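*Asks:* Got a structure for you, written out below as structure tokens; questions coming shortly.
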Amino acid sequence: MFSGSLQYVVPAPPDLGGAFQVAPGIKWLRLPLPFKLDHINLWLLEDGIGWMLVDTGMNDQATRDLWDGPLLAHLEGKPVTRILCTHMHPDHMGLAGYLSPMFGAEVWASLADWSFGRLLARDGGDDFNAVHIDFFQRAGLTGPDLEMIRERGNSYAKRAMAPPPSFRRLLDGANLSINGESWELIEGNGHSPEHMCLFNQARNILISGDQILPKISPIVGVWPQEPMADPLDLYMASLDRFDPLPDDVLVLPSHGLPFKGLKIRLAQLRSHHEQRLDDTRRATQEPATARQVLSLLFPRVSEPNDVVFACTETIAHLHRLMVTGEIRRESGPDGIDRYMKN
Ligand SMILES: [Zn+2]
């Protein structure tokens, strides 16, 4: 179907909390995450008298301790002049509200992701919890999985501070001048509302955020706030925006290693979701709950937190097939939704 493999241009990442130059004027920082996905890549771009920081790390004590000390050495005595968040997820925007006043640096993000991040960091309470419990109950989650939803409340707010009350807006297709160089903003959808990637045509470098990752496929999920969403359609459509880029562009992703081979990776991501859709078709030959379909799509997932993420991704694939008219959904007397072929 597609041939060749990705070419990793740097054999090993920096240590957690470490950094090195990955291209002229661009430093690669790596911070820890307390998950199976145990790291995030941040980028420091030379920006006039200082640095533009791309993404922040998550709001936890380990990351704040790094920013309060060891990471500052990588700045070489120069200020952080701007903080750009590719999107609103906690590992990317979770410390924007901490670092912005600390450095006196404005936060740049898309309107949708800044707004949603600020909203989610402050949301919660009875109506929030009720919508979340209802959504996952209808999906067929039970036992410890549902208990975790009940107990944890707003998990976003536990991992992310609200971004600052004012920000600078990033718009799809606009050009951002960084250190006198032009970086084009390319919007991705489906993983977050308006995820921003940065492409430097002259240097042939793409900062891809989570939109395009080398090893894993970014989560594309339906969440309780927008229970009828079709994010997989949005994600697949936004992948097309990267087709015109050169195949030998150096891709700097938020997780994993920098790579070349964009066209191969785009083909792999498309094929991955096509296969998942095929699995979803097979799983709905007989009426099945989202939880039952999940077992076929993600047979090894069992930890409650992983089940919740897998459930949102499973529903994204079910919704795609509902929108195309291949399957339908019926709510049973038990209040649980079942999906079946038309
Ligand atoms: Zn993300």
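*Asks:* Restricting attention to the range 110-128, and to residues there that are surrounded by 15 or more Cβ atoms within 10 Å (Cβ to Cβ) and either touching a Gly at 6+ places or on another chain (Cβ under 9 Å) or free of Cβ contacts under 8 Å to residues at least 12 places away in the same chain (or both), which single residue is nearest to Tyr156 (Cα to Cα)?
*Replies:* Among them, the one singled out is Ala121.
*Asks:* Hey, among the residues in the range 164-175 that are among the hydrophobic types (A, V, I, L, M, F, W, C) and in contact (Cβ under 8 Å) with a residue 40 or more places away in the chain, which one's farthest from Ser208 (Cα to Cα)?
*Replies:* Here the answer is Phe167.
*Asks:* Of everything in the range 73-97, what is more than 17 Å from Leu198 (Cα to Cα), within 14 Å of the ligand (Cβ to nearest atom) and assigned to a loop (DSSP other than H, G, I, E, B)? Give them in sequence order.
*Replies:* If the condition is that a residue be more than 17 Å from Leu198 (Cα to Cα), within 14 Å of the ligand (Cβ to nearest atom) and assigned to a loop (DSSP other than H, G, I, E, B), then His89, Gly94 are the ones that fit.
This table checks each residue for (1) more than 16 Å from the ligand (Cβ to nearest atom); (2) not in a strand (DSSP E or B).
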| position | (1), (2) |
| --- | --- |
| Leu29 | yes, no |
| Leu71 | yes, yes |
| Pro101 | yes, yes |
| Val107 | yes, no |
| Ala112 | no, yes |
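*Asks:* For the range 200-230, what are the residues that are away from the ligand (no atom under 11 Å from the Cβ) and outside any loop (DSSP other than H, G, I, E, B)?
*Replies:* Within the range 200-230, Asn200, Ile205, Leu206, Ile207, Ser208 qualify.
*Asks:* Counting only residues that are surrounded by 16 or more Cβ atoms within 10 Å (Cβ to Cβ) and in contact (Cβ under 8 Å) with a residue 60 or more places away in the chain, how many does the range 264-286 have?
*Replies:* 4
*Asks:* A further question follows. Of (1) of a type outside the set (Lys, Arg); (2) assigned to a helix (DSSP H, G or I); (3) buried (at least 18 other Cβ atoms within 10 Å of the Cβ), Met148 satisfies all except one. Which?
*Replies:* If we test Met148 against (1) of a type outside the set (Lys, Arg); (2) assigned to a helix (DSSP H, G or I); (3) buried (at least 18 other Cβ atoms within 10 Å of the Cβ), just (3) comes out false.
*Asks:* Which is within 30 Å of Gly325 (Cα to Cα), of a type in the set (Ser, Thr, Tyr) and in contact with an Asp or Glu (Cβ under 9 Å, 6 or more places away or on another chain), of Thr289, Thr312?
*Replies:* Thr289
*Asks:* Let me ask something else. Checking the structure you have, find out if any residue of the range 216-239 is under 27 Å from Gly335 (Cα atoms) and among the small types (Gly, Ala, Ser).
*Replies:* Checked against the condition, which is being under 27 Å from Gly335 (Cα atoms) and among the small types (Gly, Ala, Ser), the range 216-239 yields at least one hit.
No value in this document is a laboratory result; all are computed from the given coordinates. Fair warning: this is a prediction, and the values are worked out from it, not measured in the lab. Every residue, glycine as well, gets a Cβ built from its backbone with ideal geometry; the counts of neighbours run over all protein chains shown.
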